[in-house]
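Everything below concerns the one structure shown next.
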Amino acid sequence: MKLNFLDRVITKLAAQVVEFFEIIGGVTAFTVKFFANVFRPPYEIGEVRKHMDELGVKTLALVSVTGFIIGLVLGMQSQPVMARFGAEMFLPGMIALSVVRELGPVITALIFAGRVGSGIGAELGSMRVTEQIDAMEVSAIDPFKYLVVTRVLACTLMLPILTVYVNFVAILGGYISVIITQNLTFALYVDLVIRVLKFSDILPGVAKTFIFGFIVGIVGSYLGYNANKGTEGVGKASTTSVVISSLLILLIDVIMVRITLFLFPE
């Protein structure tokens, strides 16, 4: 009985690993096709702008609350530890560095993957199974250019903007946590934050979100564009896009951290 159970578990895990690498291979080919089309006219600037507006508006409230809570909780958790070593005046700088270098970009990207990646997968998947994409091809409209390229560009451009906003809100949330335990003015808090932050801290954190945004857009578009099996395929495209995007974001983040430390040693 135990052997049969273990065999089933191993078989299922092996199938999931194979499926994961099949998706990565498909996404890689899809990425090559994207770059072959992105610089080729016509340029759907209006569609890109429309998707950026939709992505930003629909995600703004969620990332606002998340960013504020990140800064608030980080400050509340770190204050007793800093006080133990008599380093409470370093708390604003620690909050700012933690948020700008790592927490802000990664958590915003994961939320973006959950909110936007699933939406793209479901939307394009629905269009595929209802044969709307086939109808566009028959009408001499390039569906890849119109549906995929515009969404991937919108994700790539929108996530860095949201990340900068989340960083600001999180640092503001950190100030709220600081004034609960310390008699610190807002001007002094801002001065301590600015004194610690450097260009080499801000640039890598924002720059890698361009890659994260691209990952969310290309994975969601690939899975939705190639969905099948009716409504079941749409649901699978939506959920799988979140899982794969989140995994790739975390894996790429590890690589980007190493590159950042190599380029900006301190």
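Here are the numbers for the structure shown:
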| quantity | calculated |
| --- | --- |
| Under Karplus coefficients 6.51, -1.76 and 1.60, residue-wise ³J(HN,Hα) of region 157-163 in Hz, glycine/proline x | 7, 7, 4, x, 5, 5, 5 |
| Table column - 3J(HN,Hα) (Hz), region 58-63, Karplus curve with 6.51, -1.76, 1.60, x for Gly and Pro | 6, 9, 4, 4, 5, 6 |
| Separation of alpha-carbon centers, region 166-186 and region 1-66, rounded to whole Å | 36 |
| Relative contact order %, region 44-257, counting alpha carbon pairs below 8 Å whose residues are six or more apart | 37 |
| Residue with peak Gaussian network fluctuation, the chain [Cα springs, cutoff 10 Å], from V243, V63, V116 | V243 |
| Mean separation of Cα contacts under 8 Å (6+ apart) over length of region 34-153, as relative contact order % | 44 |
| Length gained when the stretch R258-I24 is fully extended (0.36 nm per residue, less Cα-Cα span) | 82.0 nm |
| Karplus-derived HN-Hα couplings along region 145-152 (A = 6.51, B = -1.76, C = 1.60, θ = phi - 60°), whole Hz, x at Gly and Pro | 5, 7, 9, 8, 4, 5, 6, 5 |
| Most fluctuating residue given options T185, T59, T11, as computed from a GNM of the chain linking Cα atoms under 10 Å | T11 |
| Helical mean residue ellipticity (222 nm; -39500 (n - 2.57) per DSSP H run of 4+; nearest 500) of the chain | -28500 deg cm²/dmol |
| Among F30, F186, F85, residue whose mean-square fluctuation peaks in a GNM of the chain (springs only between Cα atoms under 10 Å) | F85 |
| Spacing of the two label points (7 Å from each Cα toward its C-beta) at A61 and L13, in nm | 4.2 |
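A short reminder: the numbers here are calculations on the coordinates, not readings from a lab. This is a predicted model, so every value here is computed, not measured. Glycine gets a Cβ as well: all are built from the backbone with ideal geometry, and neighbour counts include every protein chain shown.
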